[in-house]
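The values are calculated or read from the model by the stated rules, or taken from the named source; none is laboratory data. Quantities reported herein were computed from a predicted structural model and do not represent experimental measurements. Cβ atoms come from the backbone with ideal geometry, glycine included; neighbour counts cover every protein chain shown. Please note that ligands, DNA and RNA were not included when accessible areas were found on the heavy atoms of the full protein model with its side chains. Shrake-Rupley method; radii C 1.70, N 1.55, O 1.52, S 1.80 Å.
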Amino acid sequence: MALSAVTSAWTKLPLQYLLEETDTFVTIAELVTSRGLITDVSGSKVLALARALSDHPRFHALSITDNPGGNAMLSSDTMGTDLLYRGQEVIIHLSCKDWNRNALESRCWSLASEGFRNVLALSGDYPVTGFHGQAAPVFDTDSMGLLKLLTEMQGGKFFPGAVVSNYKRQEREVMPQYFKLAKKIQTGARFIINQIGYDARKMDELLKYMAMHRLNVPVIANVFVLSAPAARYFHAGKIPGVTVTDDLLAVVEKQAASPDKGKAFLLEFAAKQCAIARGLGYRGMYLGGHLKLDDYERILRILDGFAPNDWREFAREIRFSQPNEFYYFEEDSQSGLSSSEVNRGYLESKQHPPAAPLRYKANRLVHNLAFEEGSAGFRAGKALYQIIERSPTLTRVAHAAEHAVKIAAFDCRDCGDCSLPEIAYLCPESQCAKNQRNGPCGGTHDGMCEVGTKECIWARAYDRLKPYGEEERMLDGPVIYKNGALRGASAWANAFLDRDHRGKKTSSS
């Protein structure tokens, strides 16, 4: 390698400095690791591309995935270590699907010791395959719990980031994503990368929403460079949370009939998305896709050739929204983007929401009478369980009765550390494939879970809370960590006797 290349690699500035201390529009490339050894053919190809991008003066950081799509892949820090030695800024993805909190803590110590500072905290995609069958997911915690871990350990060694997915069709999906975004930033996220999407109005909405609600962290636009196979894959819903609409797929298929299979068009399409991001005020672009070095350079050349205001026309062109998609802001008729006026229909719906389900009303009443801390019922329950726990026989009988009631009412799985009150009396153990206790993951489509045929419990919780005007506070409160030591014990006893996560506020606040 030429000396100039070595010098350029070793003089790259830290990502944190670029995002927090400069107005540089950063360029980040996402690298998907391979299956098998890094010395295998596929691993060697990815490493060669990574080294070429590391030597390239236009790329400020390289971002390395963690078992994307739920598939087993080479660990991100295997390739990341090589890049660190070359002076490259690296973002390591860290997801919760394959690690419990002890393993996550151990991995964070390892990453910090090896010199990795930029970590993207993710809940992760549900596993889809594995060695001799599908692997069991872990999800001992979620992206919120991981962010809290990253910010608390090692005295600020990490520069943690997070993801937001606002390319959703339904209000009950979009708004919880925004609420969770706010909580992620409150918990310690220092930069945000948005999910893959192809709608400039939603790109604009994200920045306007954050500005309105004073969520002041840098945001990087996710630009995945489509190909015909990738567009078909996304359109089929194979990657949770990523949508390619019928209209966009039709455009890609039309271009795929050309001699270059649409490559020139799609690289220019990606460059236009980058121009839109820069024009809107994003702090950088995050380039993903199955690309070669020449493809990256071609996108950069096209981007450099645009006039300063060309992005406004591109923003009208790249508006592939879903049917009846919810937007937080009214449309600006001049730009086709977001105005500063909040969606009038949304505001009206807050004033006149549909009635809450009768079953939920009953659960609220029982909770307020018997389980609300400070109520007469809570004091009586506390006194009762202090007596019950003096007798092993009474303890077993009371627990069996409680479990029978809760199985019928909530499909209870007897975790012993109940989060029903935080999720509008919906059980995350039985009704959420990822056991998300701190807000929704980004994998929903049309309000449905990415796994199976259930509705997302956080979308359902939003619907239940809105009639009471409580939906905007649905994620208020401390980050929740389920205590595994309580499994199989009485959740009522643990609540009344301050043994569950609500009674351990000092360890989870």
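Worth pointing out:
- Taken over the range 462-498, the criterion of being crowded, with 22+ Cβ neighbours inside 10 Å, touching an Asp or Glu at 6+ places or on another chain (Cβ under 8 Å) and small (Gly, Ala, Ser) is satisfied by SER490, ALA491, ALA493.
Okay, residues lined up against (1) touching a His at 6+ places or on another chain (Cβ under 8 Å); (2) at pLDDT 95 or above; (3) closer than 30 Å to ILE185 by Cα; (4) part of a loop (DSSP other than H, G, I, E, B):
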{"residue": "PRO353", "(1), (2), (3), (4)": "no, no, yes, yes"}
{"residue": "TYR360", "(1), (2), (3), (4)": "no, yes, no, no"}
{"residue": "ARG390", "(1), (2), (3), (4)": "no, yes, no, yes"}
{"residue": "CYS415", "(1), (2), (3), (4)": "no, yes, yes, yes"}
{"residue": "CYS418", "(1), (2), (3), (4)": "no, yes, yes, yes"}
{"residue": "GLU422", "(1), (2), (3), (4)": "no, yes, yes, no"}
{"residue": "ALA433", "(1), (2), (3), (4)": "no, no, yes, yes"}
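- Residue, surrounded by the most Cβ atoms within 10 Å (Cβ to Cβ), within the range 296-322, restricted to residues that are of a type in the set (A, V, I, L, M) and free of Cβ contacts under 8 Å to residues at least 40 places away in the same chain: LEU303
- For the range 257-295, a residue qualifies if it is within 10 Å of VAL225 (Cα to Cα) and part of a helix (DSSP H, G or I), and the qualifying residues are LYS263, LEU266, LEU267, GLU268, PHE269, ALA270, ALA271, GLN273, ASP295.
- Any hit, the range 238-247, residues being touching a residue at least 40 places away in the same chain (Cβ under 8 Å), over 22 Å from PHE306 (Cβ atoms), in contact with a strand residue (DSSP E or B) (Cβ under 9 Å, 6 or more places away or on another chain) and among the polar types (S, T, N, Q): yes
- Condition check for PHE139 on (1) open to solvent by less than 20 Å² (accessible area, probe 1.4 Å); (2) at pLDDT 95 or above; (3) under 16 Å from SER95 (Cα atoms): one failure, at (2).
- When every residue of the range 401-414 is checked against the conditions, at least one turns out to be open to solvent by 50 Å² or more (accessible area, probe 1.4 Å), at negative phi, more than 36 Å from the chain's Cα centre (by Cα) and hydrophobic (A, V, I, L, M, F, W, C).
- Residues in the range 255-295 that are over 18 Å from ASN309 (Cα atoms), touching a residue at least 60 places away in the same chain (Cβ under 8 Å) and either surrounded by fewer than 23 Cβ atoms within 10 Å (Cβ to Cβ) or touching a Phe, Trp or Tyr at 6+ places or on another chain (Cβ under 7 Å) (or both): 8 in all.
- Checklist (1) surrounded by 14 or more Cβ atoms within 10 Å (Cβ to Cβ); (2) more than 28 Å from LEU300 (Cβ to Cβ); (3) modelled with pLDDT of 95 or more applied to MET212, failing item: (1)
- Yes/no for LEU104 being open to solvent by less than 50 Å² (accessible area, probe 1.4 Å), among the hydrophobic types (A, V, I, L, M, F, W, C), assigned to a helix (DSSP H, G or I) and under 20 Å from TYR126 (Cα atoms): yes
- On the stretch given as the range 68-89, residues that are touching a Gly at 6+ places or on another chain (Cβ under 7 Å) and either part of a helix (DSSP H, G or I) or open to solvent by less than 40 Å² (accessible area, probe 1.4 Å) (or both) total 2.
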